[in-house]
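The values are calculated or read from the model by the stated rules, or taken from the named source; none is laboratory data. In this text the structure is predicted, and so the values were computed from the model without any measurement. Heads up, the Cβs are rebuilt from the backbone with ideal geometry, glycines too, and the neighbour counts pull from every protein chain shown.
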Amino acid sequence: MAKFRDNAPVDAVLDGPLPGEGAAPDVAADPANERSIGDILAELRQLSAEQVEKVLQLQRKDGVRFGEAAVALGLASKDDVLFALAQQFHYPYASEEKRTVSSELVTLNEPFSPRAEYFRALRTQLMMRVLGDTDQRRGQALAVISPDSGDGKTYCAANLAVSLAQLGGRTLVVDADMRSPRLHEVFSLSNRAGLSSILSGRADKQVIQQVPAVPSLFVLPVGTTPPNPLELLERPAFGLLMRELAAKFDYVIVDTPAAALGSDGSVVAARCGAAVVVGRRHASRLASLQELVGSLAGSPAKVAGVVINEH
């Protein structure tokens with residue numbers, strides 16, 4: 001397996017299939033596609049035949065759905081019903097008992113909440129501006145940048161990535177914040193190797209990890225925090241890597257360090273080709289946001305817009 005180095009040809013960057021590549025789910029053949037809500041709930045809550053019969057009796061008596069009857073009898077929760085519905089419609093959703101990722105991932109843990117809806121609205125706007133047209137986004141990724149630490153870049157990048165993966169497209173979220181990386185914590189994944197390992201020639205694409213709860217979502221963590229993050233990002237290798245990843249995934253979202261910590265974010269945005277700026281309500285200064293947007297005016301990055309984070 002070829003390792004990625006500055007002088008490596010593009011086709012050697014990620015030679016061979018990526019994790020999960022070429023394994024598109026066959027929705028029609030998926031057994032969950034044929035299962036009823038009752039079957040899913042009975043398996044989830046391990047209901048006995050007697051309990052199922054009680055639910056069916058109440059269902060017939062009151063003319064309600066199986067899930068409603070199960071909740072009324074205390075044999076299932078509303079969250080169980082939402083999980084069962086999500087299974088039927090192939091919508092990634094982590095039930096309360098199976099949540100291993102951070103509570104910050106509202107699009108996965110609370111996909112029907114108002115906060116998750118905000119990210120779907122953001123997804124829609126970005127699809128119309130930079131992510132929707134296949135030809136337009138070919139070879140292009142989206143950097144998530146902000147003026148200061150604590151603005152919510154990682155929160156926004158992670159939830160945006162989940163919302164894109166929920167469309168069914170292969171989505172990769174890259175942690176390019178080699179100063180204070182957090183994506184591996186948000187997704188509860190290993191951070192032994194990652195982007196820094198690839199850029200230093202010590203690892204290949206196998207450091208990309210699949211998110212168990214969302215089959216079409218992948219994460220490239222930082223790995224070891226390097227002493228020279230900006231120099232690694234400014235090498236031609238990073239630009240080659242981003243183009244190759246953008247060609248192999250439907251969507252690529254990249255988390256970055258705060259602008260206050262250095263010019264890493266601007267470098268990443270230029271390599272990605274598009275960026276969205278995140279500010280924090282009642283915290284970010286308008287002048288800082290304007291300065292950050294202005295700094296990208298002469299770069300190859302198209303600024304898709306500014307998001308004000310209220311989280």
For Ser163, work out the one condition from (1) of a type in the set (Gly, Ala, Ser); (2) under 14 Å from Thr256 (Cβ atoms); (3) under 10 Å from the mean Cα position of the chain (by Cα) it doesn't fulfil.
(2)
Selection over the stretch 201-225 where residues are under 18 Å from Leu164 (Cα atoms), out of contact with any helix residue (DSSP H, G or I) (no Cβ under 7 Å at 6 or more places or on another chain) and in a loop (DSSP other than H, G, I, E, B) yields a count of 4
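If we scan the stretch 223-234, do we find a residue that is more than 16 Å from Cys156 (Cα to Cα) and in contact (Cβ under 8 Å) with a residue 60 or more places away in the chain? It would help to see each step written out before you state the result.
Pass one, the stretch 223-234, residues more than 16 Å from Cys156 (Cα to Cα): 223-234.
With in contact (Cβ under 8 Å) with a residue 60 or more places away in the chain added as a condition, the list becomes none.
Looking for residues that are more than 16 Å from Cys156 (Cα to Cα) and in contact (Cβ under 8 Å) with a residue 60 or more places away in the chain, one finds none in the stretch 223-234, hence no.
If I filter the stretch 226-245 for residues that are part of a strand (DSSP E or B) and either charged (D, E, K, R) or in the same structural domain as Ala121 (by TED's automatic domain parsing) (or both), do I get at least one hit?
Here is the first cut: in the stretch 226-245, the ones part of a strand (DSSP E or B) are none.
No, the stretch 226-245 contains no residue that is part of a strand (DSSP E or B) and either charged (D, E, K, R) or in the same structural domain as Ala121 (by TED's automatic domain parsing) (or both).
Quick test for you: out of Val268, Val254, Val303, Val277, pick the one residue that is out of contact with any Gly (no Cβ under 7 Å at 6 or more places or on another chain), outside any helix (DSSP H, G or I), of a type in the set (A, V, I, L, M) and closer than 20 Å to Phe218 by Cα. Steps first, please.
Working: Val268 fails: outside any helix (DSSP H, G or I); Val303 fails: closer than 20 Å to Phe218 by Cα; Val277 fails: closer than 20 Å to Phe218 by Cα.
Residue meeting the stated conditions: Val254.
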Could you check Asp133 against (1) surrounded by fewer than 19 Cβ atoms within 10 Å (Cβ to Cβ); (2) within 14 Å of the chain's Cα centre (by Cα) and say which number it fails?
(2)
Result of the Cβ filter at 6 Å on the stretch 96-107, keeping first residues that are surrounded by fewer than 19 Cβ atoms within 10 Å (Cβ to Cβ) and partners that are at pLDDT below 90 and part of a helix (DSSP H, G or I), at least 6 apart or interchain, is Glu96/Asp79; Arg99/Asn109
How many of the residues in the stretch 220-241 are touching a Leu at 6+ places or on another chain (Cβ under 8 Å) and more than 18 Å from Gly262 (Cα to Cα)?
5
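Going by the conditions given, is Asp264 under 11 Å from the mean Cα position of the chain (by Cα), of a type in the set (D, E, K, R) and assigned by TED's automatic domain parsing to the domain that holds Ala121? Give the derivation first.
Working: under 11 Å from the mean Cα position of the chain (by Cα): no; of a type in the set (D, E, K, R): yes; assigned by TED's automatic domain parsing to the domain that holds Ala121: yes.
Spelling it out, it is not the case that Asp264 is under 11 Å from the mean Cα position of the chain (by Cα), of a type in the set (D, E, K, R) and assigned by TED's automatic domain parsing to the domain that holds Ala121.
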Suppose we filter Asp204, Asp264, Asp250 for residues that are touching a residue at least 24 places away in the same chain (Cβ under 8 Å), of a type in the set (Asp, Glu) and surrounded by 20 or more Cβ atoms within 10 Å (Cβ to Cβ); which single one remains?
Asp264
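Is the stretch 133-154 home to any residue that is free of Cβ contacts under 8 Å to residues at least 60 places away in the same chain and closer than 19 Å to Val303 by Cβ? Steps first, please.
At the first step, the residues of the stretch 133-154 found to be free of Cβ contacts under 8 Å to residues at least 60 places away in the same chain are 133-136.
The next check asks that each one be closer than 19 Å to Val303 by Cβ; those that pass are 133, 136.
Scanning the stretch 133-154 turns up at least one residue that is free of Cβ contacts under 8 Å to residues at least 60 places away in the same chain and closer than 19 Å to Val303 by Cβ.
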